[in-house]
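Participant: Once you've had a glance at the structure underneath, I'll fire off some questions.
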Ligand SMILES: Cc1cc2nc3c(=O)[nH]c(=O)nc-3n(C[C@H](O)[C@H](O)[C@H](O)COP(=O)(O)OP(=O)(O)OC[C@H]3O[C@@H](n4cnc5c(N)ncnc54)[C@H](O)[C@@H]3O)c2cc1C
């Protein structure tokens, strides 16, 4: 029997697909408005809702700390917080399902094991896919600890490491490796004249290059890698092939690598790691009346965080999977999830309620380049190092996220009005 058929028909069914920064924050705010007891009216019954969280992993992972998680696996282990330890996720009206979403249609979500979950409201928060080692194949914390130990062993064994790609992930990984292993020769290769793609100032980009050089990273700019032997798995990855493996199962690491640059220069490295961006998840969306809703930057959404189609007003999307922000950030995803959750709660409590619009925030980027170097551009402003330091957490924001997402405490009742 399909899992959704066990629930009573009068129960409003909400499905959240993806339970990390965006999905978990949405769960938290729906809990606050629909399931937490109002202290001023504790006798008031909760609405009849069933909230199902579906994720292929059994816990939250603080991705922001992952580059250091690979260089310091003990720190890395703390980045995974199992859902089973989050008190309010154990509420009887919440169901946490471990499974891979294969398809999302107008009224149900289908998992790869054949189970389906029908919904009255769907919130899509599946993020982006990344190749290993930043993309994680693990579905449990135990597997994850083994996975990062395996990647760590390769980094530890290499005397020279080449990072290909000067986006945020490549920069942070190069800086973490050099900071934790000063004796290694670390090279960062980026195809353009300056790193940090996106809406940022050249002054900010120069600042980042200066920091990397100060740490001791060898920075090679304006050079495209045109050949690599041996190739890493991602180089022949073709998402258009029938049933390609999930990117997280495909490694971008290559040992004893020889890299040929467009200029003809060759670079040898004991370990090369390609950090060339993320893949979207357009393949899982099946909405025939909104076939073009998935654009180059993700699913188009309104300011209410409903997907931008009059045909599917009960489907919302937030986080990296939606086109909301120029720069994909956890904070942007969590804010969108907050707006989406409040709007879903309003609609559940009173059909036809006026929905709230979320604000848009200027693009920003904070780069954590090893333990004592950081760079922040917020909108048009580049922050001074000492001012930025006040916003940098030693644990790369792990406990701040645990706090904000209420992973260790019961969220309070909040009316969505
Ligand atoms: C190394 C690194 C450093 C970063 N640093 C920063 C930073 O300093 N500041 C910042 O704001 N942002 C940073 N980011 C970006 C930030 O991590 C993302 O913006 C954020 O993760 C987006 O949250 P999300 O919930 O939308 O997606 P994710 O965090 O990617 O969560 C998606 C969830 O969906 C689940 N999922 C995906 N596909 C399926 C499926 N088919 N079936 C079931 N479950 C599925 C995943 O398991 C996951 O739990 C960094 C990212 C990386 C990789």
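Participant: Limited to the range 298-336, what total is found for residues that are within 13 Å of the ligand (Cβ to nearest atom) and not in a helix (DSSP H, G or I)?
Facilitator: Of the residues in that region, 15 qualify.
Participant: What are the pairs, 6+ residues apart or on separate chains, where a residue within the range 263-289 that is assigned to a strand (DSSP E or B) has its Cβ under 8 Å from a residue that is exposed (fewer than 13 other Cβ atoms within 10 Å of the Cβ) and at pLDDT below 95?
Facilitator: Within 8 Å, the pairs are 279/239.
Participant: Go through the range 367-403 and give me each residue that's under 20 Å from the mean Cα position of the chain (by Cα), assigned to a loop (DSSP other than H, G, I, E, B) and within 12 Å of residue 211 (Cα to Cα).
Facilitator: Within the range 367-403, just 369 meets the criteria.
Participant: Within the range 313-327, track down each residue that is over 16 Å from residue 126 (Cβ atoms) and either buried (at least 24 other Cβ atoms within 10 Å of the Cβ) or in contact (Cβ under 8 Å) with a residue 40 or more places away in the chain (or both).
Facilitator: Within the range 313-327, 314, 326, 327 meet the criteria.
Participant: Return yes or no: is residue 289 at pLDDT 95 or above and loosely packed, with under 15 Cβ neighbours inside 10 Å?
Facilitator: Answer is yes for this residue.
Participant: Sticking with this structure for a sec: Among (1) more than 12 Å from the ligand (Cβ to nearest atom); (2) outside any helix (DSSP H, G or I); (3) buried (at least 24 other Cβ atoms within 10 Å of the Cβ), which single condition is residue 13 missing?
Facilitator: The number of the failed condition is (3).
The values are calculated or read from the model by the stated rules, or taken from the named source; none is laboratory data. The model shown is predicted, which means the values in this text are computed figures rather than measured ones. Methodologically, a virtual Cβ is constructed for each residue, glycine included, from the backbone with ideal geometry; neighbour enumeration extends over all protein chains shown.
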